[in-house]
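See below for the structure under consideration.
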């Protein structure tokens, strides 16, 4: 009988540890809901610091199936705050960070406090920095304290797979308590180390969609799960993940965090399933992760039922209101494009549920630009329902547009980065704009799509400002 490997997803926590990325409380809830559809066993949402409290409360209230895990340090005030944060969860767990050789009495007290309300996991942060004997001794001590699960961490990704296998094997041989692992990707071996740990007896792996995380990130969930699926016999292990939701989940996380999935990314990149004719040697089929090929072409004569059928085939579940909203955008797009591809539909549907309330709404814009005079932009927007018009000049059309928007919104931000790429091929391709703006001490990502690249850029900027307005209100 194959071993069941528990999947602890740390996307919500590690996503915000990634330089230049942030998420609103609404976006965290939407990702958590998608992780439920994906079928992960644990959703780790980080420390209950002030900016994260609303997201934790909402997730604990709305998510009932997987275990909800929050984090704390081994001191009592931190443990008490975590206990309070997770109290509303139907199934909660608290991950206590500790060091082998540290204050054992404090760790024991934290475990006792946590176990009064839920399961206690202890992450040994320096597991790969101390001797094997010291690690095993600490693991046995944690077991005697009543820890429900012990996490062996290679947070800075310093181990090679064989090294990590030996480290984890010594722990699994020494204790009966379940062992989990967390691997950093600094040397590009996070997934390999995670899989080595499975062979060594680990029963839970921590990973993140897209491998997001600080520095080089963590083990990519889609890669680890796909490897366990494809090599199930070798590892004598399986997961409970609904693999057909992998692609949809990856696209959602990329949309929320505002990064582009590179074409040659394993499992989820556009080139992952491109093979020469007659040379189909794919280990994992596209439909296994939720990529369905369909020759049906949608266009201006396609009905709402046609659109709804294709959306469902792509793995999306929309409410009637969301369907109406997306179909309206689809109809608008067909007035600009002869045919609408699956990627176009994904671009329409992906932002649903993540943008929150629109404090600012683009109504119209006029751009005058050339190389003989300064560019100017006339922007007409609704601010809290009231229409406002501003005109500005700039060093280019986008600079002028952003300045006009700043005058309307009166939000003081600085532009950190701006990127633009096409979603599909052809002259009428959708442009996908991503902007990152700095507000106070946070970097906020905005995204916009349109067949007009300037409109896409304006929408992305407005999207970022709406997120800031929502954050201020929260």
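Table: residues versus (1) within 17 Å of the chain's Cα centre (by Cα); (2) at pLDDT 90 or above.
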position: 202; (1), (2): no, yes
position: 218; (1), (2): yes, yes
position: 224; (1), (2): yes, yes
position: 281; (1), (2): no, no
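Residues to consider are 383, 338; find the one that is more than 29 Å from residue 34 (Cα to Cα), in contact with a strand residue (DSSP E or B) (Cβ under 8 Å, 6 or more places away or on another chain) and outside the structural domain of residue 30 (by TED's automatic domain parsing).
383
State whether the residues of the range 137-147 include one that is farther than 22 Å from residue 115 by Cβ and in contact (Cβ under 8 Å) with a residue 12 or more places away in the chain.
Scanning the range 137-147, I find no residue that is farther than 22 Å from residue 115 by Cβ and in contact (Cβ under 8 Å) with a residue 12 or more places away in the chain, so the answer is no.
Just checking, which of 222, 163 is without any contact (Cβ under 8 Å) to a residue 40 or more places away in the chain, assigned to a helix (DSSP H, G or I) and either at negative phi or in contact with a strand residue (DSSP E or B) (Cβ under 7 Å, 6 or more places away or on another chain) (or both)?
When all the criteria are applied, what remains is 163.
Just give me the residues in the range 87-105 being outside any loop (DSSP other than H, G, I, E, B) and surrounded by fewer than 17 Cβ atoms within 10 Å (Cβ to Cβ), in sequence order.
Selection gives 104, 105.
If residue 456 meets every condition in (1) part of a helix (DSSP H, G or I); (2) farther than 24 Å from residue 329 by Cβ apart from one, which number is that one?
Here residue 456 meets the rest and fails (2).
Would you confirm whether any residue within the range 404-416 is within 23 Å of the chain's Cα centre (by Cα) and outside the structural domain of residue 299 (by TED's automatic domain parsing)?
For the range 404-416, residues within 23 Å of the chain's Cα centre (by Cα) and outside the structural domain of residue 299 (by TED's automatic domain parsing): present.
Taking the condition part of a helix (DSSP H, G or I) and surrounded by fewer than 22 Cβ atoms within 10 Å (Cβ to Cβ), does residue 259 pass?
So residue 259 does not fit the description; no.
Within the range 303-320, identify whether any single residue is part of a loop (DSSP other than H, G, I, E, B), more than 29 Å from residue 468 (Cβ to Cβ) and modelled with pLDDT of 85 or more, and answer yes or no.
Within the range 303-320 (the criterion being part of a loop (DSSP other than H, G, I, E, B), more than 29 Å from residue 468 (Cβ to Cβ) and modelled with pLDDT of 85 or more), the answer is yes, since at least one residue qualifies.
Name, by its number, the condition in (1) closer than 30 Å to residue 380 by Cα; (2) loosely packed, with under 15 Cβ neighbours inside 10 Å; (3) at pLDDT below 80 that does not hold for residue 294.
It fails just one condition, (1).
Quick check on my filter: what residues within the range 116-145 are part of a loop (DSSP other than H, G, I, E, B) and surrounded by 15 or more Cβ atoms within 10 Å (Cβ to Cβ)?
Residues satisfying the conditions are 117, 118, 125, 126, 127, 128, 129, 130.
Take the conditions modelled with pLDDT of 95 or more, under 27 Å from residue 60 (Cα atoms) and in contact with a strand residue (DSSP E or B) (Cβ under 6 Å, 6 or more places away or on another chain) and apply them to residue 179. Does it pass?
For residue 179, the condition - modelled with pLDDT of 95 or more, under 27 Å from residue 60 (Cα atoms) and in contact with a strand residue (DSSP E or B) (Cβ under 6 Å, 6 or more places away or on another chain) - is met.
Determine, yes or no, whether residue 109 is part of a helix (DSSP H, G or I) and either over 18 Å from residue 152 (Cα atoms) or in contact (Cβ under 8 Å) with a residue 24 or more places away in the chain (or both).
yes
Of everything in the range 321-341, what is touching a helix residue (DSSP H, G or I) at 6+ places or on another chain (Cβ under 8 Å) and not in a helix (DSSP H, G or I)? Give them in sequence order.
337, 340
Could we say that residue 254 is in contact with a strand residue (DSSP E or B) (Cβ under 9 Å, 6 or more places away or on another chain) and either surrounded by 15 or more Cβ atoms within 10 Å (Cβ to Cβ) or at pLDDT 95 or above (or both) here?
No.
Among the residues of the range 179-213, which ones are touching a residue at least 40 places away in the same chain (Cβ under 8 Å), in a loop (DSSP other than H, G, I, E, B) and under 22 Å from residue 149 (Cα atoms)?
Answer for the range 179-213, where residues must be touching a residue at least 40 places away in the same chain (Cβ under 8 Å), in a loop (DSSP other than H, G, I, E, B) and under 22 Å from residue 149 (Cα atoms): 202, 203.
The values are calculated or read from the model by the stated rules, or taken from the named source; none is laboratory data. None of the values given here were measured: they were computed from a predicted structure. Every residue, glycine as well, gets a Cβ built from its backbone with ideal geometry; the counts of neighbours run over all protein chains shown.
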